[in-house]
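A.B. asks: Below is the structure I would like to discuss, written out as structure tokens.
Throughout, read-outs are computed from the coordinates displayed, never taken from laboratory work. As the structure is a computational prediction, the values presented were derived from the model and not from experiment. So basically every Cβ, Gly included, is an ideal-geometry build from the backbone, and we count neighbours across all protein chains shown.
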Amino acid sequence: MKNKMKPESLMMSYGYKPALSEGAIKSPIFQTSTFVFKTAEEGKAFFEIAYGHRQKKIGEEIGLIYSRINNPDLEILENRLTLWDEAEDCAVFESGMSAITTVLLEFLKPGDLLLISSPVYGGTDHFVTKILPKFGIHVAAFKVGQKRDEVIDIVKATGMADKLAMVYIETPANPTNDLIDIKCSKEIAKHFSTSEKEVYLAVDNTYMGPLWQHPLKHGADFVLYSATKYIGGHSDVIAGACLGSKELIQRVKVLRTFLGNMAGPWTGWLLLRSLETLKARMDIQAFNAEKVADFLNRHQKVEKVYYLGNFTKRAGEQYDILQRQCLSNGAMISFDVVGGEKEAFQFLNALKLIKLAVSLGGTESLAEHPATMTHSDVEENHRKELSITEKMVRLSIGVENYNDIIWDIDQALNAIST
């Protein structure tokens, strides 16, 4: 009788054959630039697949060529990452931004229209609004809470509805934790698709990691991660990942080959190690975040808390989306202090356990000031429209004892002078 094992049970072994590496229980670091072909015919076949000249035949294995194209550590990692999202294939990159930019460059061309949700991560916002227009790519944006028909009207109002090529969303949004309906976003993409051209949906799932939300199950064509965050989880490696169908990811991998932004063997090996504790870490972080949010909700120097667990039935659509597509309330919390930048900075400067740093998803708790740090490049009026104000602080909750995290937040809030 076969048993379908859970991803957390397979993270130690899936995709790796010890017999191919002298029986080593863990994958070695394959620190090599190139690989030897058995025959010239084999080399030809490997390149045909790697460069997208043809699809794999049934039972045919993708051969190793050169570490810019593939490497055993990279391939094992990509195989394991598919398990959480139940994706057909995965491509891993040297950073989350390289995953995002490669997908956008592969599926957009001059004259195309890109529809994005707002807000998105500051680096994504910069690339989309400042870089893509240099390539003749146009951008339209919609906000959280706008209905399907309203978003369709935004696209039509550009006069370029027939040029829409991709819908790109980030949910929950960074740093406000606003939710975008993935299923509805796919319906919008389908509305503008034709028999000649499919409009794709890409979802940045970094805030929820591979455990707490599975966009592909709700209609997404791509799910994107900064693997630096929860997947890496130890603030010691930079990486990114993109998952989807074999057909689409093959296109992504071909462009990755020529951009040269694949992850190296050391990065692959470090992420393989991190995957073994992914669920354990994220479970603790979510548990801790619930305790921290409860404390912040009751503190007199906190004006508002942005946390998924705060959505109730009274929140209407946001609550409905949470129930439908999220498996956890996550471990990211933003909050507004009573005051402004001065008070927010006083809080941040008074922290003792929590580190003042950007990034998220690591074992240590982190705090930062979005308006002047991660989202400082977003136009000021737009930031304010999105509630990313001078009084907002963003927290990434780690695996420390939650009582110690709360103690640190409490003493730092009490350090604010009024």
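A.B. asks: Can you list residues whose amide H is under 5 Å from ASP204's amide H, if they're 5+ apart or on another chain and H is modeled 1.01 Å from N?
C.D. replies: Residues meeting the criterion, in which the H sits 1.01 Å from N, are ILE169, GLU170, THR171, LEU224.
A.B. asks: Normalised by the number of residues in the chain, what is the relative contact order in percent for Cα pairs under 8 Å and 6+ residues apart?
C.D. replies: Once normalised by length, the contact order is 17 percent.
A.B. asks: For segment 103-116, what does the Karplus curve 6.51 cos²θ - 1.76 cosθ + 1.60, with θ = phi - 60°, yield as ³J(HN,Hα) per residue in whole Hz, taken in order and with x for Gly and Pro?
C.D. replies: For segment 103-116, the Karplus curve yields 4, 5, 6, 6, 10, 10, 9, x, x, 6, 10, 10, 9, 10 Hz.
A.B. asks: Okay, next question. Past the 19 Å Cα-Cα mark, which pairs from LYS304/LYS391; LYS183/LYS384; LYS183/LYS217; LYS163/LYS253; LYS147/LYS190; LYS279/LYS304?
C.D. replies: Distance filter (> 19 Å) returns LYS183/LYS384; LYS163/LYS253; LYS279/LYS304.
A.B. asks: Top mean-square fluctuation among GLU196, GLU380, GLU170, Gaussian network model of the chain, C-alpha springs under 10 Å?
C.D. replies: Highest fluctuation of the listed residues: GLU196.
A.B. asks: Listed highest first by mean packing, meaning other Cβ atoms within 10 Å per residue, what order do 332-344, 132-144 come in?
C.D. replies: 332-344, 132-144
A.B. asks: While we're here: Kindly work out what percent of the DSSP beta bridges joining two residues of the chain are antiparallel, to the nearest 5.
C.D. replies: 55
A.B. asks: Using θ = phi - 60° and the Karplus relation 6.51 cos²θ - 1.76 cosθ + 1.60, list the HN-Hα couplings for segment 52-61 in order, rounded to whole Hz, with x at every Gly or Pro.
C.D. replies: With the stated coefficients, segment 52-61 comes to x, 6, 7, 8, 5, 7, 4, x, 7, 8 Hz.
A.B. asks: Please list, in chain and number order, the residues 5+ apart from SER67 or on another chain whose amide H is under 5 Å from its amide H, with Hs placed from the backbone.
C.D. replies: Here the answer is THR34, since their amide H atoms fall under 5 Å of that of SER67.
A.B. asks: Helix 278-297 sits at what angle to the longest principal axis of the chain, using alpha carbons and giving 0 to 90 degrees rounded to 10?
C.D. replies: Here the helix axis deviates by roughly 20 degrees.
A.B. asks: Separate question: By how many nm would the segment from LYS57 to THR363 lengthen if fully extended, with 0.36 nm per residue of separation less the alpha-carbon distance?
C.D. replies: Full extension of this stretch gives 105.9 nm more.
A.B. asks: Sticking with this one: How far apart, in nm, are two points set 7 Å out from the Cα along the Cα-to-Cβ line at LYS147 and at LEU259?
C.D. replies: That separation, rounded to one decimal, is 3.8 nm.
A.B. asks: Take peptides 260-270, 400-410 and line them up by average Cβ neighbours within 10 Å, highest first, as a rough protection proxy.
C.D. replies: Going from most to least packed, we get 260-270, 400-410.
A.B. asks: Still on this structure: Short version: ³J(HN,Hα) in whole Hz for each residue of segment 166-180, in order, from phi by Karplus 6.51 cos²θ - 1.76 cosθ + 1.60 (θ = phi - 60°), x for Gly and Pro, what are they?
C.D. replies: 7, 10, 10, 10, 10, 8, x, 6, 9, x, 8, 6, 5, 9, 10
A.B. asks: Give me the percent relative contact order of segment 67-275, please, defined on Cα pairs under 8 angstrom at least 6 residues apart.
C.D. replies: 31
A.B. asks: Can you give me the distance in nm between label points at LYS355 and ASN414, each placed 7 Å from the Cα along the Cα-to-Cβ direction?
C.D. replies: 2.6
A.B. asks: Let me ask you something else. What does the extension gain come out to for GLU41 and THR277, with contour length at 0.36 nm per residue minus their alpha carbon separation?
C.D. replies: Roughly 80.8 nm would be gained on extension.
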